[in-house]
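Participant: Mind having a look at this structure? Questions to follow.
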Amino acid sequence: MRSIGELARASGLTISALRFYDRSGVLVPALVDPVTGYRWYADDQVAPARLVAGLRRVGMPLAEIAAAVRHRAEPAVVRRLLDGHLRRLEDGLADARRELSRVRALIDPEENPMTTTLALSRVDLAAAIDAVRFAVGADPEMPMLSAVLFEADNDGVRLVATDRYRLAVSRVPGRVDGAGARALAPVALVDRIRALLDTDAPEALLRLDGASVSVSVADDEVSDTVLPYDAPDYGRLLRGHVAPAYRIEVEVPALRAALAGATPARVRHEGVDVPVTVLGLDDAGGLRVLDGEAPADPGAVRVGVNGRYLLDALDAGDRGQLVLELDGPIAPLAVRRPDDADAFSILMPIRL
């Protein structure tokens with residue numbers, strides 16, 4: 001047995017951190033003296049403690065550290081946790097670079113012009129718009145959601161749309177001239193851009209200047225002013241979306257047929273019965289659309305979503321095969337393309 005001080009020295013964690021991880025249930029001592037309350041640890045707890053110390057140093061959230069410790073004998077699970085956290089760190093660094101570019105332009109606008117120009121594949125830009133358009137909001141009281149966010153970085157542009165109940169993200173690589181930039185384009189402009197892309201030209205030029213968004217293809221151009229609102233902080237939702245417990249490949253035609261043949265559950269929301277599509281796992285670990293009228297198995301993995309929103313996500317991402325990520329009844333459902341990590345949508349769950 002090792003004392004708490006010995007484990008601290010062996011792992012790189014402080015004594016106060018070890019006490020915190022004990023209270024959090026992440027790293028519980030093998031023995032606690034009932035009289036003094038002193039903590040003692042077994043030799044085989046050194047490796048998990050070092051794992052915790054490493055994940056703590058890179059800022060991984062507590063819930064994911066706990067999951068990594070629980071699944072440390074399952075490398076594939078831990079790798080997904082590490083990959084998800086690394087993506088969040090990279091997104092945070094990209095956000096910081098964009099903000100610093102804007103700050104530099106405010107300090108010295110002549111030396112740091114605000115216009116950013118991107119040369120993009122016309123086909124890829126059209127596909128990216130199609131992948132997010134379904135998630136644009138239509139609530140007149142929240143006009144900032146009736147838009148698509150364009151975020152340019154050093155090697156392309158990300159498109160984001162959300163109506164609070166679903167979020168869609170896509171990305172187009174391209175040649176970039178200028179600093180990172182972002183613009184909230186009204187949906188009417190996005191639709192005009194999409195119509196402009198129905199041509200044979202190979203390339204589209206996207207320009208973001210802080211006040212407007214414009215796209216030109218060959219000799220045609222559309223442009224409009226950006227919306228004067230802050231875009232929703234979609235990064236906060238993505239940073240909170242931890243690596244899922246289940247990643248399931250589905251054939252889209254088969255899933256559509258299952259959705260059409262299943263009876264939705266009924267959930268009472270604000271005095272109204274709302275139909276809810278319930279997804280779960282079959283005995284082989286595949287995706288199953290559950291019958292809402294059947295009695296629920298309390299131990300089964302289930303998540304409820306808006307069925308129409310799920311069909312919209314299937315339409316937007318349809319490549320014949322998609323990957324659905326489930327993590328229980330209160331976690332968002334993610335719909336991903338297996339061949340494109342930068343294109344996905346997230347549906348908020350409906351509590352069953």
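Participant: Give the number of residues within region 1-47 that are under 40 Å from the mean Cα position of the chain (by Cα), of a type in the set (A, V, I, L, M) and assigned to a loop (DSSP other than H, G, I, E, B).
Facilitator: Qualifying residue count, region 1-47: 6.
Participant: Give region 10-41 a look and list any residue that's among the basic types (Lys, Arg) and surrounded by 12 or more Cβ atoms within 10 Å (Cβ to Cβ), or say none.
Facilitator: Across region 10-41, the qualifying residues are ARG19, ARG39.
Participant: Considering only residues of region 42-61 that are under 23 Å from GLY84 (Cβ atoms) and not hydrophobic (A, V, I, L, M, F, W, C), which is least open to solvent (accessible area, probe 1.4 Å)?
Facilitator: Only one residue fits best here, namely PRO48.
Participant: Between a residue in region 121-136 that is at negative phi and in contact (Cβ under 8 Å) with a residue 40 or more places away in the chain and any residue that is among the hydroxyl-bearing types (Ser, Thr, Tyr) and open to solvent by less than 40 Å² (accessible area, probe 1.4 Å), which pairs come within a Cβ distance under 6 Å, given they are 6 or more apart or on different chains?
Facilitator: What qualifies is ALA128/SER170; ALA131/SER170; VAL132/SER170; ALA135/THR162.
Participant: Separate question: Based on this model, can you work out whether LEU89 counts as touching a residue at least 12 places away in the same chain (Cβ under 8 Å), farther than 20 Å from ASP22 by Cα, part of a helix (DSSP H, G or I) and open to solvent by 60 Å² or more (accessible area, probe 1.4 Å)?
Facilitator: Yes.
Participant: Moving on. Look at region 64-80 and say how many of its residues are open to solvent by 70 Å² or more (accessible area, probe 1.4 Å) and closer than 15 Å to VAL28 by Cα.
Facilitator: Final tally of qualifying residues: 1.
Participant: Residues in region 134-153 that are part of a loop (DSSP other than H, G, I, E, B) and over 18 Å from ALA343 (Cα atoms): how many?
Facilitator: 7
Participant: Name the residues in region 201-228 that are loosely packed, with under 13 Cβ neighbours inside 10 Å and at pLDDT below 90, would you?
Facilitator: Once the filter is applied, which keeps residues that are loosely packed, with under 13 Cβ neighbours inside 10 Å and at pLDDT below 90, region 201-228 yields ALA211, ASP219, PRO228.
Participant: Which one of VAL276, VAL252, VAL267 is modelled with pLDDT of 85 or more, closer than 16 Å to GLY292 by Cα and of a type in the set (A, V, I, L, M, F, W, C)?
Facilitator: Being modelled with pLDDT of 85 or more, closer than 16 Å to GLY292 by Cα and of a type in the set (A, V, I, L, M, F, W, C) holds for just one of VAL276, VAL252, VAL267, which is VAL276.
The values are calculated or read from the model by the stated rules, or taken from the named source; none is laboratory data. Because the structure is predicted, anything quoted here is derived from the model rather than measured. All Cβ positions, glycine included, derive from the backbone under ideal geometry; neighbour counts span all protein chains shown. These area figures cover heavy atoms from the full protein model, side chains too; ligands, DNA and RNA do not enter into them. Shrake-Rupley method; radii C 1.70, N 1.55, O 1.52, S 1.80 Å.
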